[in-house]
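What follows is a short report on a single structure.
Derivation of every value follows stated rules applied to the coordinates shown; laboratory data play no part. On a predicted model such as this, the values are computed, not experimentally measured, just so you know. When we count neighbours, we look across all protein chains shown, and the Cβ atoms used for this are built from the backbone with ideal geometry, even at glycine.
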Amino acid sequence: MMTTTPRTALITHPVFLQHVMVPGHPECPDRINAIQNLLIEEGIQDLLAHFEAPEATREQLLRAHNARLLDDLEHKSPTEGSVAIDPDTWMNPFTLQAARHAAGAAILATDLVIQGRARNAFCLVRPPGHHAEHDKAMGFCFFNNIACAALQALSTHRLHKVCVLDFDVHHGNGTEDVFRHNSNVMVCSTFQYPLFPYNEIAYGQPHIVSVPLSEGAKGTDFREVVMDVWAPAIEAFEPEMFFISAGFDAHLLDSMAGLQLNERDYMWITETVMRWAHKYAYGRIVSSLEGGYHLGALARSAVDHIRVLADLA
């Protein structure tokens, strides 16, 4: 009997385009459109397996967050207009639904990859998630999508050790907060520092591998710390699955910060993670969109990331 090799899954939902914070906000629906349009232009869209993101259940969200946060967001969710969570983070009537679907996308991606129904997966979602802490929404983020995915792997699929890799230009304080006391999850991150969220960097915990980069750091600097700091930690940990907080705002054209990465660097890190995944984790990777605010650079970087995941590079 002939078998079909699973394809890379692309998981998204129309509600992501309805979440609008305030006019001119950089975390806007055009981010999704830019990536989807380029996927079509490059002929990649039809080579992926497409899934619509479900809503994460309250039980699934409670693995990463406390009930007070969930209840508070439900209470604040407006029926019209916009409501501020913090000076950078706003809710409109569709935000809470979009946030639930964003977390649900990452959870579905985890199921698909572990069950062998997808080679790996990219979650084309918004709002992003890596700033959302156990008990706090902040920094454009409401629920921690990638944390929900990692906890799905541990709780539902009974994996023992998983690794979250975060190369967004901003520190994933939320992911670190959720897993600070969970040594079954290794969190490896690079980020510009000092920069939002201006939090204290955790050192001394073997499963939290934080590598701050100075403003102006280039792709060569990024690659060096990945190989010199991340790689030995991952080799010692031997994770059974990889999760990627895929922020593309460290790109040299992105005005949100001052790192100097380009599309080749994002292809390189994707290729590197795929080698690690094949060595330790049966190739299992779930990636979820975080930042990236220069629309052209975001689209090119994200599409190249997907291209490598799908073995189309």
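Taking packing as the residue-averaged number of other Cβ atoms within 10 angstrom, the listed peptides 291-303, 10-22 run from highest to lowest as 291-303, 10-22. Pairwise Cα distances in segment 166-263 exceed 16 Å in 54 percent of cases. Over segment 12-110, the reciprocal of the mean inverse Cα-Cα separation, the Kirkwood hydrodynamic radius, stands at 14.9 Å. Positive-end ranking of ALA98, GLY204, VAL308 along the dipole of segment 9-309, with charges on Cβ about the Cα centre, is headed by VAL308. Exposure proxy ranking for ASP166, ASP249, based on other Cβ atoms within 10 angstrom of each Cβ and starting from the fewest, stands as ASP166, ASP249. Based on C-alpha pairs under 8 angstrom that are at least 6 apart in sequence, the chain has a relative contact order of 20 percent.
Think of the chain as a dipole: +1 on every Lys or Arg Cβ, -1 on every Asp or Glu Cβ, centred on the Cα centre; then among ALA233, ASN120, THR12, ASN120 lies furthest on the positive end.
Can you tell me the length gained on complete extension of the stretch VAL22 to ARG275, counting 0.36 nm per residue apart and subtracting the Cα distance? The partial results should precede the final answer.
Values: separation 253, 0.36 × 253 = 91.08 nm, distance 4.07 nm.
Working it through step by step, the gained length comes to 87.0 nm.
Is the shape of segment 22-181 best called rounded, prolate or oblate, per the rule: a/c under 1.5 gives rounded, else a/b larger than b/c gives prolate, else oblate, with a ≥ b ≥ c the square roots of the Cα gyration tensor eigenvalues? Oblate. Packing around the peptides 197-208, 144-155, taken as the average count of other Cβ atoms within 10 Å per residue, puts them in this order, highest first: 144-155, 197-208.
Each label point was placed 7 Å from the Cα along the Cα-to-Cβ direction; for HIS181 and THR156 their separation is 2.6 nm. Here segment 228-258 and segment 163-197 have alpha carbon centers that stand 9 Å from each other. Could you size up the charge dipole of the chain around its Cα centre, putting +1 on the beta carbon of Lys and Arg and -1 on that of Asp and Glu, and report it in debye to the nearest 20? Here the chain has a charge dipole of around 800 debye.
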